[in-house]
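Undergrad: Let me give you the structure first, and then I'll get to my questions.
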Amino acid sequence: MRPIHSTYRNMGTTVFEAMSRLAVVHDAVNLGQGFPDDRGPEDVLRAAADALLDGPNQYPSMLGVPALRQAIAEHERRFYDLGFDWQSEVLVTSGATEALAACILALIESGDEAVLIQPAYDAYAPLVRRAGGVPRFVSLRPPDWTLDPEALAAAFTARTKLVVLNNPLNPAARAFSRSELAALAAQVEEHDAYAVCDEVYEHVTFAGARHVPFISLPGMRARSLKIGSAGKTFSLTGWKVGMIVGPRELIQPVAKAHQFLTFTTPPNLQTAVAYGLGKSDDFFTGLSAEMERRRDRLAVGLRGLGFEVLPSEATYFLNVDVRSTGFAGNDVELCRHLVEKVGVAAIPISAFYEDQPVDHLIRFCFAKQDAVIDRALERLRGHFR
């Protein structure tokens, strides 16, 4: 039989799925996969339930229900003073990964290059390759994960079509500085490129830091697509409601790609997210404060075991240096050891690299209830003591 597409022929199961399966087999505390274990806001859940029972359940507009597109435009104005026309510059997708796929499929043609910053979400490179593009990587290194201007400049060429920016960055837990973003913007402008901006953790930043959307930088509005996630903002990752804002000239081709991917998203979930985006400032500041509290709970416990814990400026994640645990192997070996022998699941950071990986860090997710965090710490304490 003829071979399947080369992008997928030798691709294995994602490390997140693999570790989650092992966690089930070994009844492990799963601090690997990046999702909260809360129910989500009760009023947002109620809004979805009411809309399911009382509202229409047929195909909504391909672009998204008007109420949600209006709410997204208002969200951008409210938090970032950015103006978008809800009718032509806002698109609702079935999750942020679908948003990424639609953006990349709409912009990349065969032979185009895409700059990817690693450690990177493992969907980026396959999506670029499936669209016919060629990934070019900029590698960040711990503990500061700084975006080096010289390495960035070296990755851009005359064939660069776009850059995929994840900010705040999973798994490094970095929120890029304005100067780092400005250096990236300079390269985007110099090479007449586009920026696909995965900013799903925009409301999960710590120490009072405010997120800086790349699209807000001078000259970047015409070149950028900003992707958000209701799943991350409302701790409802299973809903898979994503959102894209950008100039009309970019949203239109992305919408055409979107129509042949999922076409649309359940209308009751869209209605509930529209309601949620209108919640008070206390909800959004409370989200970051609560995640920061959980971060500190896990970090204090890990440091108490003698582990070296790297800084976490944003996202759901903490990274631990394998070498500080006393374990003799690398990150993959330690993660397998933890899930099989200790009953705690984590993710190896090397899984986020395609070449020259950092293989001495593992990632823990702290977006969990206190009892879950404490149970994981107790198991680690019993093993590493």
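The values are calculated or read from the model by the stated rules, or taken from the named source; none is laboratory data. Note that the structure is a prediction, hence the values are computed from the model and not measured. For neighbour counting, all protein chains shown are included, and Cβ atoms are generated from backbone atoms with ideal geometry for every residue, glycine included.
Undergrad: Considering each of S179, S88, S110 in turn, give the residue that is hydroxyl-bearing (S, T, Y), surrounded by fewer than 16 Cβ atoms within 10 Å (Cβ to Cβ) and free of Cβ contacts under 8 Å to residues at least 12 places away in the same chain.
TA: S179
Undergrad: Test G301 against the stated conditions and say whether it is touching a Ser or Thr at 6+ places or on another chain (Cβ under 7 Å), among the small types (G, A, S) and not assigned by TED's automatic domain parsing to the domain that holds F234.
TA: Answer is no for this residue.
Undergrad: For segment 124-175, name all the residues that are in contact (Cβ under 8 Å) with a residue 24 or more places away in the chain, assigned to a strand (DSSP E or B) and closer than 16 Å to V196 by Cα.
TA: Scanning segment 124-175 gives V134, P135, R136, F137, T160, K161, L162, V163, V164, L165, N166, L169.
Undergrad: Mind listing whichever residues of segment 242-281 are of a type in the set (S, T, N, Q) and in contact with a strand residue (DSSP E or B) (Cβ under 9 Å, 6 or more places away or on another chain)?
TA: First, the residues of segment 242-281 that are of a type in the set (S, T, N, Q): 252, 259, 262, 264-265, 268, 270-271, 280.
The answer is T262, T264, T265, Q270.
Undergrad: Something else about it: Six or more apart or on different chains, Cβ atoms under 9 Å: show the pairs whose first residue is in segment 35-58 and closer than 23 Å to A371 by Cα and whose second is exposed (fewer than 12 other Cβ atoms within 10 Å of the Cβ).
TA: F35/G238
Undergrad: In segment 316-342, which residues are among the small types (G, A, S) and either touching a residue at least 12 places away in the same chain (Cβ under 8 Å) or under 16 Å from F366 (Cα atoms) (or both)?
TA: Scanning segment 316-342 gives S324, G326.
Undergrad: Would you confirm whether or not segment 280-292 contains a residue that is in a helix (DSSP H, G or I), touching a Pro at 6+ places or on another chain (Cβ under 8 Å) and of a type in the set (A, V, I, L, M, F, W, C)?
TA: Scanning segment 280-292 turns up at least one residue that is in a helix (DSSP H, G or I), touching a Pro at 6+ places or on another chain (Cβ under 8 Å) and of a type in the set (A, V, I, L, M, F, W, C).
Undergrad: Could I ask something else about it? If I ask for residues that are outside any loop (DSSP other than H, G, I, E, B) and small (G, A, S), which ones from segment 179-200 would you list?
TA: S179, A182, A183, A185, A186, A195 - these are the residues of segment 179-200 that are outside any loop (DSSP other than H, G, I, E, B) and small (G, A, S).
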